[in-house]
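Below you'll find the structure, written out as structure tokens, and then a few comments.
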Amino acid sequence: MPKKIVANFNVEYWQVLSPDGNVDKKLMPELSPDEIKELYELMLLARTFDDKAFHLQRQGRIGTYLPVKGQEASQVGTAYALDKNDWILPSGRDIAACITRKLPIHMILLYRGGDARGAQIPEGLNIFPFTIPSSTHITHCTGVAWASKLLKQKAVVMGYFGDGASSRGDFHEGLNFAGVYKVPVVFVCENNGYAISLPREKQTAAETIAQRAFSYGFEGIQVDGNDVFAAYAAAKYAVEKARKGKGPTLIECVTYRMGDHSTADDATRYRSQEEVAQWAKRDPIETLEKYMRKNKLLDEKSKKTLFENIKAKVEEAVTVYEKIPPPQPEDMFKYTYAQMPEKLKEQMEELNFPG
Amino acid sequence: MAILNIVQAINLALKQEMKKDKTIILLGEDIGKNGGVFRVTDGLQKLYGEERVVDTPLSEIGIVGSAIGMAVNGLRPVAEIEFSGFLYSPFDQIISHAGRLRTRSRGRFSCPLVIRVPYGGGIRGLELHCESPEAILAHTPGIKVVVPSGPYDAKGLLISAIRDPDPVIFLEPLRTYRVVKEEVPEKEYTVPLGKANIVKEGTELTVISWGAMLKYTQEALSKTNYKAEIIDLRTISPVDTETIVNSVKKTGRCVIVHEAPRTCGLAAELIAQINEKALLNLEAPVERVTGFDVPYPLYKLEGYYLPDEKRILRAVEKVMKF
């Protein structure tokens with residue numbers, strides 16, 4: 001026979017929680033009421049922090065900041081599926097994932113405040129510093145997972161990046177290696193609709209980003225990224241699969257960046273208010289809230305208390321951040337090498353000359 | 001004559017050249033609808049359409065690699081790399097291909113493209129947004145590297161770069177993008193590549209700088225009474241050795257200021273050329289004031305990293321009192 005089908009794949013789309021707050025019981029992942037409350041708390045903390053960080057930037061108290069608003073479910077839901085020793089490699093917007101993995105929130109302010117100590121991840125937390133060039137950490141995800149496999153650490157790696165990153169070579173190279181060496185990694189592509197100003201449909205001619213996974217020999221799943229249960233369910237599935245040695249997964253979270261790309265951006269130049277308003281109706285936190293109210297996991301009183309606590313937590317982080325004395329100029333020399341070469345010592349001394 | 005800043009002058013150069021030469025095509029991230037993250041290409045997509053001002057997917061290798069192919073096959077692409085640190089990923093394309101195509105094909109193919117990159121620090125920018133990679137580029141055979149320091153030169157140099165038969169990396173000083181303003185003629189003119197500019201004549205010492213650092217060097221020198229000859233390099237590669245050597249022969253003393261790291265920075269090459277051609281005219285060892293040999297720091301420390309008035313004047317005193 002001259003022609004035959006030699007490969008076939010289907011891309012699934014997962015949604016557990018509908019925008020009106022009802023769940024598909026068959027798809028609902030196993031989560032206790034306390035765990036659901038924790039998911040909600042983490043998302044609310046990320047949102048509250050985000051709002052604060054935006055204002056701090058406007059007041060000149062931190063530098064350029066990339067808002068996470070709208071993507072809390074994608075990040076919290078996926079990161080929540082990890083165990084203590086697992087890794088995450090975030091990109092610049094993944095603060096909700098970092099908060100879920102217990103990065104002290106004042107450190108995010110410190111980093112965004114132009115202080116390198118904010119990227120000095122505390123011992124015991126397997127979190128890479130935020131990656132700035134969009135995609136360059138995708139290959140690192142593969143490498144960390146590869147080491148975990150070779151060293152029999154059982155740790156799973158979760159890498160976060162956006163729809164824009166999927167256009168860069170690093171994405172191809174990282175996913176291809178991951179497939180070839182069957183490493184325990186979960187790639188989370190947060191498709192938030194835009195890479196700065198470029199809409200997703202101009203980023204790739206493919207219907208989904210998830211389908212790319214199949215060309216590397218592993219599974220890709222598209223999920224409703226504003227549905228924290230779907231994000232969690234897909235991540236849980238992928239993490240368990242990875243831990244059993246069954247290789248990588250690509251999860252595409254379809255979500256929406258509610259804010260500007262960064263505090264230096266003005267999204268009104270390239271997208272309509274109507275589009276933003278449409279997505280606002282699908283807010284991930286409000287969607288979960290509807291579910292929780294229906295299931296008596298949240299009421300007005302408990303919401304108020306929770307919100308007050310979270311606000312206090314964020315304010316406390318701001319205080320901690322602002323009480324940290326400025327870094328010393330020597331700080332930029334100290335970590336260039338394990339042992340400082342003579343020429344760097346000489347250069348460092350130049351800073352101390354009088355006059 | 002209109003008073004423009006560097007952003008506006010570059011925009012004007014692109015606008016005028018694109019009108020004149022239909023083979024010019026702009027490629028980059030966010031350069032069309034958004035007008036560029038620094039608004040350098042603002043309004044150009046409206047004027048020339050989506051086919052000539054292209055919002056590409058997020059891929060610097062895609063941008064530069066495609067630009068190479070376009071350039072070989074009859075277009076004049078002007079690519080924009082959004083931030084300086086994102087220039088590292090297409091280095092393979094620049095070094096292995098753009099810089100070599102003429103050599104490899106013995107002149108059969110050439111690569112007349114321009115890659116525009118905002119560069120340098122001092123703007124409270126993010127990590128990898130404040131790089132000064134000019135020395136790495138200058139070390140690469142086959143490409144030209146141009147750095148304007150003001151709007152007049154920005155327009156004239158960019159037009160020359162676009163018309164040049166070889167690949168040109170055009171580094172735009174981010175820190176002074178909107179700070180330096182001057183009269184820029186509406187009419188067409190060019191500033192030649194490969195020619196340094198004597199900004200101010202002097203007899204007692206030669207001070208060489210380029211890009212944003214030129215402004216801060218000039219300000220520092222205004223605090224001294226020494227008669228300094230100030231040279232704006234303008235083209236980093238190929239460098240204008242003649243102007244530098246003639247000046248140093250006249251003054252006998254030289255200070256070079258750049259914000260890139262010191263080791264193998266461009267100052268090292270300039271000093272080598274001065275040593276080769278004017279060693280016996282020197283009254284003092286040449287001093288260099290540079291960034292340090294560390295990754296560009298996060299912004300709370302960038303004031304210590306960047307050459308400042310104190311460090312520039314200290315070097316000036318050192319060569320004058322040697």
### Message
Within segment B:205-238, list the residues whose amide N lies under 19 Å from a label point set 7 Å along Cα→Cβ of B:N246.
### Response
B:205-209, B:228-238
### Query
Gaussian network model of chain A, Cα springs within a sub-10 Å range: biggest mean-square fluctuation belongs to which of A:G225, A:G247, A:G77?
A:G247
### Task
Could you work out how far apart the two model spin labels at A:R243 and A:K3 are, taking each label as a point 7 Å from the Cα in the direction of the beta carbon, and quote it in nm?
4.7
### Query
Straight-line reach from A:K244: which lysines have a Cα under 22 Å away, not including same-chain ones fewer than 8 places off?
A:K84, A:K149, A:K152, A:K154, A:K182, A:K236
### Query
So which chymotrypsin sites (Phe, Trp or Tyr not before Pro) in segment A:265-346 end up in coil per DSSP with only 16 or fewer other C-beta atoms within 10 Å?
A:Y335, A:Y337
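Taking Cα pairs under 8 Å and at least six residues apart, what relative contact order does chain A come out at, in percent? It would help to have the intermediate numbers written out before the result.
Working: 612 pairs, mean separation 81.9, N = 355.
For chain A, the relative contact order is 23 percent.
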### Acute angle (nearest 10 degrees) that the helix B:309-320 long axis makes with the longest principal axis of chain B, alpha-carbon atoms
50
### Message
Using only the alpha-carbon atoms, how far is helix B:60-72 inclined from the longest principal axis of chain B? Give it as 0 to 90 degrees, nearest 10.
### Response
80
### Query
Relative to the longest principal axis of chain B, what angle (0 to 90°, nearest 10) does the C-alpha long axis of helix B:151-163 take?
50
### Task
Describe numerically, in nm with one decimal, the distance between label points set 7 Å from Cα along Cα→Cβ at A:E35 and at B:E283.
8.0
### Sites matching trypsin sites (Lys or Arg not before Pro) across segment A:119-162 that sit in DSSP coil, with at most 10 neighbouring C-beta atoms within 10 Å
A:K152
### Query
Going by a ≥ b ≥ c, the root eigenvalues of the Cα gyration tensor, does segment A:12-324 fall in the rounded group (a/c under 1.5), the prolate group (a/b larger than b/c) or the oblate group?
rounded
### Query
Most mobile of A:N192, A:N85, A:N226 per a Gaussian network model of chain A (Cα springs, under 10 Å)?
A:N85
### Query
Across peptide B:289-297, what mean number of C-beta atoms from other chains lies inside 10 Å of a residue's C-beta?
5
### Task
Rounded to the nearest 500, what is the 222 nm mean residue ellipticity of chain A from helices alone, with -39500 (n - 2.57) per DSSP H run of 4+ residues and division by all residues?
-13000 deg cm²/dmol
### Query
What are the principal axis extents of the Cα atoms in chain B, in Å, biggest first?
59, 42, 40
## Note on the structure
Yeah, segment A:196-261 with a ≥ b ≥ c from its alpha-carbon gyration tensor (a/c under 1.5 is rounded, else prolate when a/b outruns b/c, oblate otherwise) is oblate
#### Entry: Pairs of Cα atoms farther than 25 Å apart, segment B:197-320, %
16
#### Entry: CD proxy at 222 nm, helix term only [per DSSP H run n ≥ 4: -39500 (n - 2.57); per residue of chain B; nearest 500]
-9500 deg cm²/dmol
### Task
Kindly provide the trypsin sites (Lys or Arg not before Pro) of segment B:140-237 that DSSP labels as loop, not H, G, I, E or B, and whose Cβ sees at most 11 other Cβ atoms within 10 Å.
B:K187, B:K223
#### Entry: Distance-filtered residues of segment B:47-78 - backbone nitrogen under 17 Å, label point 7 angstrom along B:S96 Cα→Cβ
B:60-69
### Task
Normalising by the residue count of segment B:2-184, find the relative contact order in percent from Cα pairs under 8 Å and 6+ residues apart.
27
### Message
Give me the tail of P(r) for the protein assembly as shown as a percent: Cα-Cα pairs with distance above 42 Å.
### Response
32
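For segment A:104-145, what's the relative contact order in percent, using C-alpha pairs closer than 8 Å and at least 6 residues apart? Walk me through the numbers on the way to the answer.
On the way: 20 pairs, mean separation 8.4, N = 42.
RCO, segment A:104-145: 20 percent.
How much length is gained if the chain between A:Q278 and A:K313 is pulled fully straight, taking 0.36 nm per residue apart and subtracting their Cα-Cα distance, in nm to one decimal? Let's see the in-between values first.
Values: separation 35, 0.36 × 35 = 12.60 nm, distance 3.12 nm.
Full-extension gain reported as 9.5 nm.
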### Summary
The farthest towards the positive end of the charge dipole of chain A, of the residues A:V16, A:M292, A:Y80, given +1 on Cβ of Lys and Arg and -1 on Cβ of Asp and Glu, is A:V16
### Query
A:E346 versus B:Y189, label points 7 Å from Cα toward the beta carbon: distance in nm?
4.4
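Just so you know, all these numbers are worked out from the coordinates, no wet-lab data involved. Since we're looking at a predicted model, the values are computed, not measured. Every residue, glycine among them, receives a Cβ derived from its backbone with ideal geometry; neighbour counts consider all protein chains shown.
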